[in-house]
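The values are calculated or read from the model by the stated rules, or taken from the named source; none is laboratory data. As the structure is a computational prediction, the values presented were derived from the model and not from experiment. A quick note on method: Cβ atoms are made from the backbone with ideal geometry, for glycine too, and the neighbour counts reach across all protein chains shown. The accessibility values were calculated without ligands, DNA or RNA, using every heavy atom of the protein model including side chains. Shrake-Rupley method; radii C 1.70, N 1.55, O 1.52, S 1.80 Å.
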Amino acid sequence: MISIAVGVAALIALLTSVWMWGQTPDYRVLYSNISDRDGGAIIESLQQLNVPYKFAEGGGALLVPSNLVYETRLKLATQGLPKGGTVGFELMENQKFGISQFAEQVNYQRALEGELARSVQSIAAVQGARVHLAIPKPTVFVKEQQKPSASVVLTLHPGRFLDSAQVSAIVHLISSSVPEMSAKNVTVVDQSGTLLSANHDGIGNEGLDASQLRYIQQIEQNYVQRVEAILTPMVGATNVRAQVTADIDFSQTEQTAEIYKPNTDPKDSTLRSQQSVESLNGSSSASGVPGALSNQPPVPATAPIVAPAGSSVPAGTSNPTSVHKESTVNYEVDRTIRHTKLPVGTIKRISIAVVVNNRKVTDAKGQVSLKPLSTEEKTQINNLVSDAVGFDQSRGDTLNVQNVAFNDEKEITPEVPLWKQPDTVDLAKNLVKYLLIAVVMLFVVFGIIKPALKPLFSRPSEPVNAAPASGEAGVPIGGAPAAQYAMNAAAPTVQAYEQGLQAARQIVQQDPKIVASVIKEWVNGNE
């Protein structure tokens, strides 16, 4: 009975363990690397929501059942958790009555710093951020005005980094959020003390940014597609390879020229002003008789009043000694002002390299062989490529077309064996787990419980049937024939066990001698 109880208890314990094992939830990470303040608030909320939780090894992560991860995050988000250790504009919601202007300004600056830190933390590579703003006090004096500045300290995820475009984006995000702040006044530093914002004002002076690199790749890929598209119908899609290198000029240039053109033909010129000056210089001498007679009225004239023809000098005067004439004519100046702004991203030069496979030739017997291209075919391909890419030798473009035999051997990537694949490994683990459970259950059932219950359900090996009463015809009483009869009566019959037992008791009560003879025969025969 003790073994039966032990077996049943072991089976019940095994079934209970299997059921509890199957009901144990799979815990997943809810939040990791949270601050102590946020951790306490989150745990308090989880207790109110009746959500089971536990900590990972080292306390670096908070775990909840996998089926409740997203639901719990949404519920905690409605409560503003986790806050990330920073406060935003919610700090302005609980302003005390009668707060001073200085304290209000400080709270506003703290709220603005917190909002900017949250915005920077939304970048995938950034784990944490702190923003410090230096906002000067406004003044009415122009000479004493100072520009605000900002400092940003970033904590990046392990193995992550920020490229030039991302750092520039953070700089412009901070500078655009504060009035009158320039991008030059924003400093970005990572957790190792590396200055990330050096030379990130404007476009950047460290080299090409991400957009310029993408533009170069698009130009080169466009040329490659042109070359392959025009050669594919001739040689086949797998028999041509092309590469293009483009030298792009991203410099911004503006030119202003003022050109003065000489007025060679007055007829084509525009008259602006004209001035003429003429002067006559001459000498005069006294005439008449000196003395008093000269003061008397003149006598009638004896000379002709009309001057001789061709004389421009009035009568009575002497000839002039010099004549001066000046003429000034001003024309409009032919001036040209030209302002030229060169486009950004112009192609300075390109280099094209094209490789063409040998041509496949099938002979009369059906055998396929590879033969090099002829000179005419090479020339034709060269001309087609030049026209497709707009080849310009004056700007230094180069074109190289080669005809070689391609190596068609494909690199064979070793396949992962079936027993090393992750799905197979997981399936094997589950099978081993359930097989172990089945083996333990079979051992408990067939090794403990069944042997313990076997004696209760086993029948006697020699049941005794009811024998006829003593004195009946053909049945001797006593002696060896009686023992033989008792042994024959012990043969199994269709009667039940209880009926045979009752018959044996009746024989013992009616004729004890027969029973004694049977027992004697058993003892003598070592039964």
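Sort the following peptides by mean Cβ neighbour count (other Cβ atoms within 10 Å, averaged over residues), highest first: 254-260, 376-382. Each step should come with its number before you reach the end.
On the way: 254-260: 8.9, 376-382: 14.1.
Ranking the peptides 254-260, 376-382 by packing returns 376-382, 254-260.
Accessible surface for residue 348 stands near 100 Å², nearest 10, in the context of the full protein assembly shown (1.4 Å probe). Against the criterion of solvent-accessible heavy-atom surface with a 1.4 angstrom probe, 219, 135 sort, most first, into 135, 219.
In this calculation the C-beta distance from residue 217 to residue 256 is compared with R0 = 51 Å, giving a FRET efficiency of 0.90.
The largest accessible area among 168, 374, 394 belongs to the first residue in 394, 374, 168, and the rest follow in falling order (1.4 Å probe, all chains). The order of 434, 27, 223 by accessible area, most exposed first and with a 1.4 Å probe, is 434, 27, 223. Computed from backbone phi with θ = phi - 60° and the Karplus coefficients 6.51, -1.76 and 1.60, the 3J(HN,Hα) list for region 377-387 is 5, 4, 5, 5, 5, 4, 5, 5, 5, 4, 6 Hz; x is used for glycine and proline.
For residue 108, the solvent-accessible surface computed with a 1.4 Å probe is close to 100 Å², ligands and nucleic acids excluded.
Here region 91-172 is treated as a sphere whose radius is the Kirkwood value from Cα pairs; by Stokes-Einstein at 20 °C and 1.002 mPa s it diffuses with a coefficient of 143 µm²/s. Here the Karplus relation 6.51 cos²θ - 1.76 cosθ + 1.60, evaluated at θ = phi - 60°, turns the backbone of region 110-118 into coupling constants of 4, 5, 5, 5, x, 5, 5, 5, 5 Hz, with x for every Gly and Pro.
What full-extension length gain, to one decimal in nm, is calculated for residue 195 and residue 280 as 0.36 nm per residue of separation minus the Cα-Cα distance?
Result for the pair: 22.0 nm of gain on full extension.
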